[in-house]
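Undergrad: To start, I am sharing the structure in question, which I have written as structure tokens.
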Amino acid sequence: MVDDEIPLSESMVMRDGRVENVLRVKQGQWIHLPLEAVNIDKTIWGDDAWEFKPERWEALPKEVSRLPGAYSHMLSFSAGPRVCIGMRFAHMEMKIVLHQLISCLKFKPKARIIKGTLTFSKPYVEEDWKNGRPSSLPLDVSRYLPDEAACI
């Protein structure tokens with residue numbers, strides 16, 4: 001191990017007021033990376049970064065694509081050879097929960113659905129296909145109880 005300098009993507013103002021473009025690290029020095037802070041950083045995610053807004057995943061800010069990460073540019077599970085060993089378990093848990101929820105619901109299309117083929121085949125609402133609108137799938141969702149004990 002030797003002393004080193006880590007280049008920064010943005011300048012950093014030090015306690016004494018100096019502006020640095022590198023982080024100097026001495027041999028044996030510990031560095032804490034607050035990965036949890038990256039997922040709520042307002043400079044990356046916007047002023048509403050601390051709010052729960054699932055719709056933000058429909059159009060991610062450009063800054064997000066610069067982030068490393070094992071999953072969707074998020075550092076919740078870290079990345080690289082030291083990625084969280086629980087990441088796949090967490091994904092499996094979410095899949096199981098979704099299966100439990102979805103298996104207790106009944107889905108019925110609200111409109112006539114047809115197969116539309118441009119580059120790929122996918123379902124379209126017939127009216128949307130005829131009028132050149134993007135694919136959508138409006139659904140009526142109701143509770144379905146095949147075995148009440150299995151539903152949450």
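The values are calculated or read from the model by the stated rules, or taken from the named source; none is laboratory data. Since we're looking at a predicted model, the values are computed, not measured. Note: ideal-geometry Cβ built from the backbone for every residue, glycine included; neighbour counts use all protein chains shown. Ligands, DNA and RNA are excluded from the accessible area calculation, which covers all protein heavy atoms including side chains. Shrake-Rupley method; radii C 1.70, N 1.55, O 1.52, S 1.80 Å.
Undergrad: Would you be able to tell me the number of residues in the stretch 87-106 that are open to solvent by less than 100 Å² (accessible area, probe 1.4 Å) and in contact (Cβ under 8 Å) with a residue 24 or more places away in the chain?
TA: Matching residues across the stretch 87-106 total 5.
Undergrad: Moving on to the next point. Which of the residues that make up the stretch 102-120 are at pLDDT below 85 and touching a strand residue (DSSP E or B) at 6+ places or on another chain (Cβ under 6 Å)?
TA: Answer for the stretch 102-120, where residues must be at pLDDT below 85 and touching a strand residue (DSSP E or B) at 6+ places or on another chain (Cβ under 6 Å): just Gly116.
Undergrad: Just one of Val13, Val64, Val2 is over 30 Å from Tyr144 (Cβ atoms) and surrounded by 12 or more Cβ atoms within 10 Å (Cβ to Cβ); which is it?
TA: Numbers: Val13 fails: surrounded by 12 or more Cβ atoms within 10 Å (Cβ to Cβ); Val2 fails: surrounded by 12 or more Cβ atoms within 10 Å (Cβ to Cβ).
On inspection, the qualifying residue turns out to be Val64.
Undergrad: Let me ask you something else. If you go through the stretch 55-62 one residue at a time, do you hit one that is over 29 Å from Pro138 (Cα atoms) and in contact with a Gly (Cβ under 9 Å, 6 or more places away or on another chain)? Walk me through how you get there before you give the answer.
TA: Here is the first cut: in the stretch 55-62, the residues over 29 Å from Pro138 (Cα atoms) are 62.
The next check asks that each one be in contact with a Gly (Cβ under 9 Å, 6 or more places away or on another chain); those that pass are none.
Looking for residues that are over 29 Å from Pro138 (Cα atoms) and in contact with a Gly (Cβ under 9 Å, 6 or more places away or on another chain), one finds none in the stretch 55-62, hence no.
Undergrad: Just need a number here: residues in the stretch 122-139 that are assigned to a strand (DSSP E or B) and open to solvent by 70 Å² or more (accessible area, probe 1.4 Å). Quick ask: steps written out before the conclusion?
TA: As a first pass, look at the stretch 122-139 and keep what is assigned to a strand (DSSP E or B): 122-125, 139.
Okay, now just the ones that are also open to solvent by 70 Å² or more (accessible area, probe 1.4 Å), so 122.
The total comes to 1.
Undergrad: What do you reckon, is Val13 over 21 Å from Phe77 (Cα atoms) and touching a Pro at 6+ places or on another chain (Cβ under 6 Å)? So that I can check it myself, show each step before the final result.
TA: Details: over 21 Å from Phe77 (Cα atoms): yes; touching a Pro at 6+ places or on another chain (Cβ under 6 Å): no.
So Val13 does not fit the description; no.
Residues checked against (1) open to solvent by 50 Å² or more (accessible area, probe 1.4 Å); (2) among the hydrophobic types (A, V, I, L, M, F, W, C); (3) part of a loop (DSSP other than H, G, I, E, B):
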position: Val22; (1), (2), (3): no, yes, no
position: Trp30; (1), (2), (3): yes, yes, yes
position: Glu51; (1), (2), (3): yes, no, yes
position: Trp57; (1), (2), (3): yes, yes, no
